[in-house]
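J.: Below you will find the structure I want to go over with you.
The values are calculated or read from the model by the stated rules, or taken from the named source; none is laboratory data. Predicted, not measured: the structure shown is a model, and the values here were computed from it. Using ideal geometry, Cβ is built from the backbone for each residue, glycine included, and neighbour counts are taken over all protein chains shown. Keep in mind that these areas ignore ligands, DNA and RNA; they rest on the heavy atoms of the full protein, side chains included. Shrake-Rupley method; radii C 1.70, N 1.55, O 1.52, S 1.80 Å.
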Amino acid sequence: MRAIAVHAPGGTPELMELPVPRPAPGEVLLELVAASLNPIDAGIAEGRMSMPSVYPLILGVDGVGRVVEAGEAVHGLKPGDMVHGQFFRTPLGHGTFADYTVVTESPDNGALQHVPDGMPADIAAALPTAGMTALGVLEAMGVHAGQSVLILGATGGVGVVAVQLASAWGAEVIATARPDADRWIRKLGAARTTDYTTGDIAEQVRRTHPGGVDALLDLTRDPARFSAYAGLVRDGGAAASVTFTAAPELLASERISVSNFMMQDKPDLLARITAEVASGRITVPVQQTLTLDQTAEALARNTAGGARGKTTVRI
């Protein structure tokens with residue numbers, strides 16, 4: 001089968017021919033239909049996850065596929081079922097950028113469920129990690145109606161879902177966006193935007209919110225920037241990073257609640273955010289769709305920032 005994999009930690013992702021895996025007890029073999037790119041893919045390729053791994057390590061954590069074979073002790077899935085989720089498991093290496101993958105019926109670090117009727121494959125593949133993260137972090141921060149929320153990295157995969165959710169809950173969303181994305185992110189629910197390419201974000205926010213904002217959601221990877229913008233949060237507010245950029249001294253703050261967010265109860269998060277998308281209340285904008293042989297190059301581009309929505313892979 002074809003797969004995008006690395007031979008060793010830090011290796012360059014490449015298209016390889018590898019054997020089709022066989023499901024062990026408790027696992028199913030999926031013929032993948034689609035997958036999606038996530039920032040975590042780079043960390044896995046570079047060996048930064050501190051988890052056991054197998055090599056060649058096949059990349060990709062989000063995907064949708066059809067069950068073609070069920071191992072022993074599988075009770076809730078059968079051949080022909082269409083499932084999607086975050087196929088994040090130990091050991092790392094059985095990823096979704098491949099023709100086939102094996103996944104446990106109850107992933108130890110991820111979530112798996114049936115694809116709702118009528119949901120397109122690219123949406124089902126694009127949703128899991130971005131959707132679960134957005135829903136989980138906003139709930140952990142206690143975002144609610146009447147609050148102001150500054151979202152850094154608002155146009156990326158997690159950001160576009162977070163913008164929609166916070167807006168739907170009645171919060172005022174201030175989103176960082178380039179000028180060419182201004183109208184687009186406002187249509188998704190942002191009340192205001194700040195152009196991070198032409199001036200200091202903090203200065204722009206203070207002009208419109210001199211008393212500060214209620215919450216800061218940082219989806220970028222700059223610890224110094226997170227520390228600086230946490231100062232925009234008014235007393236009693238919340239600041240969260242999904243990329244672990246909150247420094248220890250900030251985590252100990254008594255003025256505001258600061259956290260490096262980690263998802264809990266992923267199956268519940270996946271079920272609830274999928275229901276939001278299936279109902280039409282939330283959308284998952286797909287920026288581009290690639291073929292498997294274009295994916296290795298796209299992984300390098302995906303770390304450069306400036307993304308709009310999600311990138312999916314048609315297997």
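J.: Within the accessible area of the chain, what % is carbon and sulfur when the probe is 1.4 Å and the other protein chains stay in place? Show your work: numbers first, answer last.
T.: Values: 6750 of 13370 Å².
Here it works out to 51 percent.
J.: Can I ask one more? Once you have the Cα-Cα distance between Ala275 and Gln287, take 0.36 nm times their residue separation minus that, and quote the gain in nm to one decimal. Let's see the in-between values first.
T.: On the way: separation 12, 0.36 × 12 = 4.32 nm, distance 2.17 nm.
Net length gain for the segment: 2.1 nm.
J.: Assign one of three labels to segment 129-261, namely rounded, prolate or oblate, based on the Cα gyration tensor with a ≥ b ≥ c the square roots of its eigenvalues; rounded applies when a/c is under 1.5, prolate when it is not and a/b is larger than b/c, and oblate otherwise. Mind dumping the intermediate values first?
T.: Numbers: a/c = 1.37, a/b = 1.20, b/c = 1.14.
Rounded shape, in that the Cα axes give a/c under 1.5.
J.: Report the Rg/Rh value for segment 1-101, based on alpha-carbon coordinates and the Kirkwood definition of Rh.
T.: My calculation puts Rg/Rh at 0.96.
J.: Hey, what angle do you get for helix 157-168 against the long axis of the chain, alpha-carbon based, 0 to 90 degrees rounded to 10?
T.: 60
J.: Check cross-link reach from Lys187 to the lysines: straight Cα distance under 26 Å, and skip same-chain residues fewer than eight apart.
T.: Lys310
J.: Kindly provide the pair-distance distribution of segment 72-128 built from C-alpha pairs, with 5 Å bins from 0 and whole-percent values in order of increasing distance.
T.: 4, 17, 29, 28, 17, 4, 0
J.: Would you please name the GluC sites (Glu not before Pro) within segment 1-94 that are DSSP coil residues with at most 14 other C-beta atoms within 10 Å of their C-beta?
T.: On the way: sites: Glu14, Glu17, Glu27, Glu31, Glu46, Glu69, Glu72; in loops: Glu46, Glu72.
Answer in residue order: Glu46, Glu72.
J.: Which entry is the computed Cα Rg over 2.2 N^0.38 Å for this structure: [x] 1.00; [y] 1.25; [z] 0.93?
T.: [x]
J.: Also: Kindly express, to the nearest 10 degrees and within the range 0 to 90, the angle between helix 128-141's C-alpha long axis and the longest C-alpha principal axis of the chain.
T.: Tilt of helix 128-141: around 40 degrees.
J.: Still on this model: Kirkwood hydrodynamic radius, computed over distinct alpha-carbon pairs, for segment 99-156: how many Å, to one decimal?
T.: 14.3 Å is the Kirkwood radius here.
J.: Find the relative contact order for segment 1-154 and round it to a whole percent, using C-alpha pairs within less than 8 Å whose residues are 6+ positions apart.
T.: It comes to 26 percent, rounded to a whole number.
J.: Using only DSSP helix segments of four residues or longer, with each worth -39500 (n - 2.57), what per-residue ellipticity at 222 nm results for the chain after dividing by its residue count and rounding to 500? Mind showing how you got there, number by number?
T.: Working: 10 runs with 85 residues, N = 315.
Taking each H run of at least 4 residues, the total per residue is -7500 deg cm²/dmol.
J.: Using Cα atoms only, what is the angle between the long axis of helix 266-279 and the major principal axis of the chain, expressed in degrees (0 to 90) to the nearest 10?
T.: Compared with the principal axis, the helix lies near 80 degrees.
J.: Still on this structure, I have one more. Only four residue types carry charge here, +1 at the Cβ of Lys and Arg and -1 at the Cβ of Asp and Glu. Report the dipole size of the chain about the Cα centre in Debye, rounded to the nearest 20.
T.: It comes to approximately 720 debye.
J.: Let me ask another. Tell me, what is the Rg over Rh of segment 258-315, with Rh the Kirkwood radius over Cα pairs?
T.: Ratio value, two decimals: 1.06.
J.: How large is log10 of I(q)/I(0) for segment 182-315 at q = 0.18, 0.21 Å⁻¹ when the intensity is taken from the Debye formula with one equal scatterer per alpha-carbon?
T.: Listed by q, the Debye log ratios stand at -1.30, -1.38.
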